[in-house]
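Rule-based calculations on the coordinates, nothing more; no lab input. Just so it is clear, the model here is predicted, and its values are computed rather than measured. Heads up, the Cβs are rebuilt from the backbone with ideal geometry, glycines too, and the neighbour counts pull from every protein chain shown.
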Amino acid sequence: MLQGKITQYTEEIDSFTTTKADELERFRIKFLGTKGIIKDIFEDFKSVSPEEKKVLGKVLNQFKQLAEQKYQSLKDQENADDTENAVSIDLTLPGEGFEIGARHPLALVRKEIVEIFSRLGFVVEEGPEIEDDWHNFSALNFPEEHPARDMQDTFFIKKGGELGDIALRTHTSSVQVRMMESGKPPFRAIMPGRVYRNEAISARAHCFFHQVEGLYVDENVSFADLKQTLFYFVQELYGEGTKVRFRPSYFPFTEPSAEMDISCTICKGAGCQMCKYSGYVEILGCGMVDPNVLENCGIDSKKYSGFAFGMGIERIANLKFEIKDLRLFSENDTRFLKQYKSSLI
Ligand code: DAH
C-alpha cells in the first residue's frame with residue numbers, strides 16, 4: 001500500500017515544474033510541511049513489518065530526497081527569475097502618471113459655507129432625507145391647506161398602497177425641528193443636505209438639489225444679529241465689498257421673513273444677464289423663527305428667540321463658477337468635473 005502511494009506521488013513530483021511563488025509554496029506545504037505527505041508516509045512506515053522495512057526504508061528516503069531537491073531547484077529558479085526581472089526594470093524611467101480626482105463643485109461650495117459658519121461657532125447637523133409631515137411641514141407652521149404640501153411639489157411615499165404622511169424632505173428646514181426637539185437652547189447650527197421636489201428636470205429646475213439651513217436660537221437674538229451674520233458670510237464667500245439687501249418676504253416658519261440679495265458677483269452691480277440687469281441676485285431666504293415653531297418644538301418662545309436661513313447650494317455654486325445648467329451637477333461628466341481640480345484643497 002505504502003509502495004503504491006510513493007509511486008503515485010513520485011509521478012506527481014516529477015511532473016511538477018512551475019516556479020510560481022504561490023504554487024511552489026503550496027507544493028512545499030503539501031509534501032514537506034509539518035502535516036505534509038512525507039510526514040504522513042513516515043508515520044505509516046512505523047507500522048510496517050520488519051522485512052518490508054528493509055526494502056521500503058531506502059525507497060522512502062529516496063522519495064523524501066526527491067521532494068526536497070525538486071522544491072529547492074524550483075525555488076532557486078524562481079529567485080533567479082526574479083533577479084532577471086529586476087535587472088530589466090530601468091529605475092531611471094519616469095513613472096506612469098495617474099490622474100487624481102477632483103472634488104465635486106457642490107462639495108467644494110458646501111465645504112466653504114460650513115467653514116465660514118464654523119468660524120462663528122456654528123456646528124454641523126444632519127437629518128434624514130425621508131421625513132414625516134410633522135418635521136417637514138406641520139411643526140414648521142405650514143397651514144393644513146398650504147400649497148407647498150401639494151403633491152405637485154412633494155414626493156410622498158406610499159405606505160400599504162396608500163399615500164401616508166411620509167415624504168422625501170422638500171427642504172432642510174426639517175432638520176431645525178429635529179434639532180430643537182431633541183436638545184435645549186442655545187442652538188447654533190448649519191445643516192447641509194439633499195432635498196427633493198416633484199419638478200420636471202430642466203436647466204433651471206431639478207427633482208433634487210442641495211440646501212444649507214442655518215439656525216441660531218438663544219435669549220435676545222434679534223434681526224440685527226441675523227443681518228450681521230449673513231453680511232459676514234457673504235463678505236467671506238464672495239469677497240469684501242459685496243453688498244447685501246433684504247426684501248420682505250413670506251415663509252410659514254419665520255416672522256418677519258426676508259429674502260436676501262447680494263450685488264451681482266458676475267458684473268459687480270453694473271448689470272448683466274445673470275442679474276437680469278438689476279445689479280442684484282437673490283441668494284437665500286431668512287427670518288426670525290416664528291414663535292409657533294419654537295413652541296411646536298417645546299421651546300419657550302417668551303424666553304428664547306432665534307433666526308433661521310436657508311439657501312440652495314447649486315445657486316451659490318452657480319454664482320461662484322457660473323454653471324448655468326443645473327443638470328451638469330448630477331451627470332457625472334468627467335469633462336465638467338475635471339475643471340474644478342485646481343479648486344482641490
Ligand atoms: N426652506 C426654505 C425653502 O426651501 C428656505 C428657507 C427660508 C429656510 C427661510 C429658512 C428660512 O430657514 O428662514 O425655500
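Below, the figures for the structure above:
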item: FRET E, pair GLU322, ASP150, Förster distance 25 Å, beta-carbon r, rounded to 0.05; result: 0.15
item: Mean Cα-pair separation over length for the chain, i.e. relative contact order, pairs under 8 Å, 6 or more apart, %; result: 16
item: Table column - 3J(HN,Hα) (Hz), the stretch 13-22, Karplus curve with 6.51, -1.76, 1.60, x for Gly and Pro; result: 5, 4, 8, 7, 10, 6, 10, 5, 4, 6
item: Amide hydrogen neighbours beyond the local backbone of HIS210, cut-off 5 Å, H modeled; result: VAL195, ILE313, GLU314
item: Equivalent ellipsoid semi-axes, the chain, via Cα gyration tensor eigenvalues times 5, rooted, Å; result: 73, 29, 19
item: Longest segment of the chain lacking GluC sites (Glu not before Pro) that sit in a DSSP loop with at most 13 other Cβ atoms within 10 Å; result: 1-95
item: Reach of LYS39 by Cα under 22 Å, taken over lysines that are not fewer than 8 positions away in the same chain; result: LYS5, LYS30, LYS53, LYS54, LYS58, LYS64, LYS70, LYS75
item: Whole-Hz ³J(HN,Hα) from phi, Karplus 6.51 cos²θ - 1.76 cosθ + 1.60, for the stretch 266-277, glycine and proline x; result: 7, 9, 6, x, 6, x, 7, 4, 4, 9, 6, 6
item: Karplus (6.51, -1.76, 1.60) ³J(HN,Hα), θ = phi - 60°, over the stretch 160-165, in Hz, Gly and Pro reported as x; result: x, x, 10, 6, x, 9
item: Spin-label pair GLU78/ASP14, simplified geometry with 7 Å Cα→Cβ offset, distance in nm; result: 2.4
item: Whole-Å distance, taken between Cα centres, linking the stretch 159-174 and the stretch 226-254; result: 31
item: Sequence-distant residues sharing a close amide H with GLY269 (under 5 Å, placed H); result: CYS264
item: Cysteines without a disulfide-compatible neighbour (Cβ-Cβ under 4.7 Å), the chain; result: CYS207, CYS286, CYS297
item: Linear extension gain, ASP225 paired with PHE336, 0.36 nm per residue minus alpha-carbon span; result: 36.1 nm
item: Among beta bridges that DSSP assigns inside the chain, antiparallel share in %, nearest 5; result: 95
